[in-house]
Amino acid sequence: MTSRARWAGVLRTPVGAAAAVLLGAVLLLAVLAPLLWGGRADEVDTAHILAPASAEHWAGTDNLGRDIFFRVLVATRTSVRLALLATAVGVAVGLLLGTLPLLLGPRLGRLVTAAVNIAVAFPGLLLALSFAVIFGAGASGAVPAIGLAIAPAFARLTQTLAASVAGRDFVAAARIAGVGRVRVLLRHVLPNIAEPLLVNATMAAGGSLLAFAGLSFLGLGVQAPDYDWGRLLGEGLNGIYLNPAAALVPGVAVVLAGLAFNLVGEAAAKAVGPRTATAGGRKRATDDARPTPTPTPTPTTAVPVRPQQSAQADALLIVEDLKVSFGPVTPVRGVGFTLGRGEAVGIVGESGSGKSLTALAVAQLIERPGRIEARRLELLGDDLLRTPPRARPRLLGTSLAMVFQDPMTSFNPVQRVGRQLAEVAEQHLGHRRGPALARAVDRLRAVRIPGAARRARQFPHEFSGGMRQRAMIGMGLMGEPKLIIADEPTTALDVTVQRQVLALLADVRAADDVAVLLISHDLGVVEQVCDRVLVMYAGRIVEDLPVARLRDGARHPYTRALLGAVPDLATDRDQPLVVIPGRPADPAAPTPGCAFAPRCPLADDHCKRADPALIEDGSGGRVACWHAEQRPEPAPAAATEGEGR
Amino acid sequence: MAPPFSPAVVRADRVDRVALCGRTKTGRAAGGQDLITEPDDVTEAMPVTSTTASAPGFAHLLGNPWLRFAARRLGRLLVSVWVLVTGAFLMIHLIPGDPVRAALGNTAPVELVEARREALGLNDPLWQQYADYLRHLVGGDFGTSMLSGLPVSEVIGDRLPATAELAVLAFALAVLASIPLGLAMAVLTRGGRRKPVELAFTSGSVLLAVVPEFLVAVGLVYVFSVELGWAPVAMRQGPSSYVLPVLALAVGPASILARIVRVETLAVLQAEYIRTARAKRLPDRRVYLRHALPNALTATITVGGLLLGGMVAGTVLAENVFAWPGLGSTIVGSILAKDYPVVQGVVLVYGLGVLLVNLVVDVALALLDPRSTIRES
Amino acid sequence: MSELTFEDVTVRYGSGRREMTAVDRVHLTVPSGAVVGLVGESGSGKSTLARAAVGLTPVAGGRILLDGRPLPRGGRRPLQMVFQDPYSSLDPRMTIGSSIAEAIPRGAVPGAAARRDEVARLLDLVDLPADRAGCHPAELSGGQRQRVALARALAGRPDVVIADEITSALDVSIQGTVLNLVRDLHRELRLSMLFITHDLAVVRYVSDYIAVMYLGRIVEYGPAESVLADPRHPYTGELLAAARRGGPQAADTVPASVADAEPADPHHPPTGCRFHPRCPVGPLVHPDRTVCRDTAPTGDGRPHRAACHFVSSAADPAAA
Ligand SMILES: Nc1ncnc2c1ncn2[C@@H]1O[C@H](COP(=O)(O)OP(=O)(O)O)[C@@H](O)[C@H]1O
Ligand code: SF4
Ligand code: SF4
Ligand SMILES: [Mg+2]
């Protein structure tokens, strides 16, 4: 979205439109009111001194009999003008102080930053009062006073925004290219922080309007015979028992004008802010959404997904026709597999193919607005679609363990590791605090954490990444897990640490006959731990085969391309790597035929029309491809074509 | 006067925090540096730690993150106090023209002005005035009022309790009201639930946050004193007279804080460790109170901490509406009367109050969030 | 085409208590026209070395030389760098055309039309259609952005290109495209390259030489085939074992104390050989090898060298 479109979008929201209209009205009034009603506002009427509100004088009159309502209207200009002036002073000084660190370089810059940080700690009003002492009471003193009072906060905002932009790689690249500091500031930094600064300047204008009213109200701002809203308010307050309108009308004016600036700012902030969020992928799913059992096989699925009949008897987990949808988008579109006791199955696929959602759905961790549908979803013989929710916590809490991708963020940062483990025993095993903690220490030791008792008393940030991931596995072992679901458990870890964690998973599995569902984008990782691989593409399983057959028995073109696209220690260095052209499938724009068809070297018209079903191939595998029997040319000629064109 | 100045402050902090998180994430956690080995784990712990470089004695003391935190925080406090004191000193010297002449008026005889200047030490060289000023401050001497001739410390002693009461009560009310409200709103409206509730809360809190306390005060006076006649309009007489000023002072910050609590709680509810907590199948109450709330609070304090300092200064306006006999009415009167020593003293007291609140906020943050103590600020 | 040499380079971050040495007395040569792959775990100092080379991080000691001469401070930058994150390495507010044009040295291509042609030529070099010059980065995929970043680096007419983990932020299906491009560019332009990654398989695919970094030090350096076929430093051996795919890992061949050892804290690096708390052939396993705890090993001057007191190679009779 271009920036103009975003700003236009602000006006389309009800709040944004209302705020813009309000702001327009205030500015219009500021221009016109003195021209239209300047005379009436200054008209002295000694016959009606301090009159209460009436049909003639809507807000009553002041001590010279002047009409307060018109005075409020006319005061718009002074109030708004002074507020804008003060904002301009504040923004200018703030911008200067805020960008200075970038121009001065690190050493001097740090000094400026420190000074601003100290100034920010003092509230604006206190600064404004102090500056008012220096500049003297009166409008000409209050403008710089309020301006300088706004400046530190604005400077700090500019600094933090500028620093975050300056820390990004494109600024580094510009500097490597020989672009000077001033040019970097003007060409790269300022354009990238202009929007939030503008938003904040708008809000600051609202703030200084209110602040000005405050100073004038105290008698430190605009002096007689001039008047602004604050002074009118102060005068009105003296007679609030006789004529409340004299205080309320200017008060309402101040609030409305302040609100206009602030709301425009808020609405713009909403439009400007979430830019990164829209770029940054899907929302995470966490909460507990009630799955709805599909009563009959849904007619919308043209393709019947055939479950494996063989292993049903001692199946630990049975998934049939699982779908996960978020509104109109269905990132998981009919996944089916079974998992036997003690079996280790891997799911591979590129990001966005639905691996994690499948895992979260099995674990019943999909949050609203996400919806789970399935023909069958059974864990340990318990129907997860129909068990009353109350009966589930114990089953899931003790028999199912989860390990997530990022060990940095999957522990609660403010709770000791031991407690986070012990919680499980307290909740599901009825342990008291002491025994629960003892079990936690025991489990930490079981996952080979050195100094387990001491470690249990530490916070997660005191653990290294690999150790945290081991502790996470230990957390899963607090109950008696029958299934461990590990979602990219080693992606964030170094290769050598990765090996430790995978070895630990294998050990746990061997020791207690625990089944493992391992999700990874890395075929090598899956090969190390698993017996079977499920390859997912665009929300479907496209191939299911024993790990032993992966390297030379893969039949789906996508599986084969994945194997060839990533170099391993045996890759021929003189051959180009296999290229999968095009982009990964977009779950929001499903195609009628095979989802891989736009990128598949074997695709034909049939592929583009009809989606192949996942069918058993008679040798213990399943594949969803019309041309599974066919092999593509050994080295794709389209090597340089890539995803570029 | 938190609201008029606050939006920029709030936002600045928000960005700051994001930057902080980024930094903590890149830094690698250190582990296994202790020399104490666990009795039950001797075999496992020993070899790894025994040979890493370690410094004994004093350096070890500095190795305690809490001591380092205290030292760093104290250092910052001292610098801030120095800046404050110097600022207050310079304030008077930056006034264009002769402050004594300005205070006494154009009609005052030259001899009187000169005598006053001499008494105030204004004829000494600047550095000596500064040194005298610092020395007097250390001795508790804030100078003498130019108008009343009373020691400024006495004026402050008279007025401070009324202001402090107001500030503390408003502070407590704002914090106690905003946290449960914000948390409840976050839980109720998480994941796009209950859109109408969300709209009502956000628009209501924006409105309340924008209205500065003196306008809230005027509104409250109008409704409760003028229309309903429930509360005394002004002055500090009996408990009922506290209700309106405290409310006026607390409403704005409370609504801003409640918004921050809600936003931060919503953000925390998206965090991976909340998913971990749910994967443990903990009851909702435990997830929200044990896992979400402490994290949301630390975030809230980081973002909204300055707001509480702002409330100290906010008393000025509220006091003027309610004719509250505190420092707020004193400082305004003194500025208008150009009684500079009093202004100087009161500014100093307010500044110290703000620094104190900020210190409390930082300590609370350190207690709540174990990572913050090792974070450089 | 030039030779880049790091001579005894040290880089420090922070000061006082928080000071840490991210790169510690590193010697490294990128021979003219060769690709040197630099591997190591995250935090070992690879990026720091790269940033020091291009002048983004000040050097605390040692020299960085290009063909034996110190790097010029102003003017044309003979070193260019491509960054890891394609989402942060292009200015979102600039068209990719102007991003690339900005990096073209002033005076090298005079005239607006000539610069446009140059941008088109560079885009073509990285297999992007020239009409993409008017696009903003948001309209491109990660792989395409990474190619734009490569084009921008080439715009500076560099003698040496440093590529810092340029494929690790990309989806598996796209990494291959970028690696192929790197190889083709290297062959076409005979650039010298420092190719940084944590993945030994990737390094093997693109590099002529391999340098292995651990906690701020280069622990092994040599021709790629030699290092891979005959790793001499135990850490390289570990990396190789981890990169070897297929079949379960033989993690149980090393004692548990070594297998579960924690990564060292870079703020408090171990004494002597920095790898000793994790080393499978070090003092943990052979208690008599105390020299590892006390003395830091240095590599000798041979083409394939390892910084280890007990270099493990059958081909090396000097090692016990
Ligand atoms: N700007 C910085 N300030 C302080 N420490 C840093 C900074 N950048 C990196 N480091 C630290 O320096 C060490 C080396 O980092 P880096 O060069 O990024 O390693 P690599 O690229 O091998 O992952 C790490 O411990 C890292 O935390
Ligand atoms: S069905 Fe057709 S398009 Fe899909 S993977 Fe098979 S051959 Fe390719
Ligand atoms: S010097 Fe010793 S500890 Fe270091 S790698 Fe060699 S054998 Fe291992
Ligand atoms: Mg790096």
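Worth pointing out:
- Tally, over the stretch B:279-294, of residues that are assigned to a helix (DSSP H, G or I), buried (at least 24 other Cβ atoms within 10 Å of the Cβ) and at the interface with chain A (Cβ under 7 Å from one of its Cβ atoms): 2
- Considering the stretch A:547-579, the residues that are touching a Cys at 6+ places or on another chain (Cβ under 9 Å) and not in a helix (DSSP H, G or I) include one that is nearest to the other protein chains (Cβ to nearest Cβ), namely A:His556.
- Scope the stretch A:128-149; condition surrounded by fewer than 24 Cβ atoms within 10 Å (Cβ to Cβ), closer than 18 Å to A:Gly230 by Cβ and either more than 7 Å from chain B (Cβ to nearest Cβ) or polar (S, T, N, Q) (or both); matching residues: A:Phe131, A:Phe135, A:Gly136, A:Gly138, A:Ala139, A:Ser140, A:Gly141, A:Pro144
The rows are residues; the columns are (1) modelled with pLDDT under 50; (2) surrounded by fewer than 19 Cβ atoms within 10 Å (Cβ to Cβ).
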| residue | (1), (2) |
| --- | --- |
| A:Asp287 | yes, no |
| A:Pro293 | yes, yes |
| A:Ser310 | yes, yes |
| A:Ile347 | no, no |
| A:Ser356 | no, no |
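- Residues in the stretch A:499-518 that are more than 12 Å from A:Ala344 (Cβ to Cβ), more than 7 Å from chain C (Cβ to nearest Cβ) and crowded, with 20+ Cβ neighbours inside 10 Å: A:Val501, A:Leu504.
- Contact annotation: residue pairs with Cβ atoms under 8 Å, 6 or more positions apart or on different chains, pairing a residue in the stretch B:215-227 that is in contact (Cβ under 8 Å) with a residue 40 or more places away in the chain and facing another protein chain (nearest Cβ under 7 Å) with a partner that is of a type in the set (Gly, Ala, Ser) and in a helix (DSSP H, G or I), are B:Val218/A:Ala247; B:Val218/A:Gly251.
- Unmet criterion (only one of (1) within 9 Å of chain A (Cβ to nearest Cβ); (2) at pLDDT 90 or above; (3) more than 20 Å from A:Val165 (Cα to Cα)) for C:Ala120: (1)
- Matching option when the condition is within 30 Å of A:Arg560 (Cβ to Cβ), within 9 Å of chain C (Cβ to nearest Cβ) and not aromatic (Phe, Trp, Tyr), among A:Thr496, A:Thr491: A:Thr496
- Residue, nearest to the other protein chains (Cβ to nearest Cβ), within the stretch B:296-333, restricted to residues that are surrounded by 24 or more Cβ atoms within 10 Å (Cβ to Cβ) and free of Cβ contacts under 8 Å to residues at least 24 places away in the same chain: B:Val332
- Checked against the criterion of being part of a loop (DSSP other than H, G, I, E, B) and modelled with pLDDT of 90 or more, the stretch A:432-455 has at least one qualifying residue.
- The stretch C:99-114, subset loosely packed, with under 10 Cβ neighbours inside 10 Å and at pLDDT 85 or above, residue farthest from the other protein chains (Cβ to nearest Cβ): C:Ala113
- Residues located in the stretch B:114-158, provided they are in contact (Cβ under 8 Å) with a residue 60 or more places away in the chain, in contact with a strand residue (DSSP E or B) (Cβ under 9 Å, 6 or more places away or on another chain) and not in a loop (DSSP other than H, G, I, E, B): B:Leu120, B:Thr144, B:Val152
- In the stretch C:9-41, the residues that are over 17 Å from C:Ile162 (Cα atoms) and either within 16 Å of ligand 2 (Cβ to nearest atom) or under 17 Å from the mean Cα position of the chain (by Cα) (or both): C:Thr10, C:Val11, C:Ala22, C:Asp24, C:Arg25, C:Glu41
The values are calculated or read from the model by the stated rules, or taken from the named source; none is laboratory data. Bear in mind the structure is a predicted one, so any value in this text is a computation, not a measurement. Because the Cβ atoms are built from the backbone with ideal geometry, glycine has one as well, and the counts that use them run over all protein chains shown.
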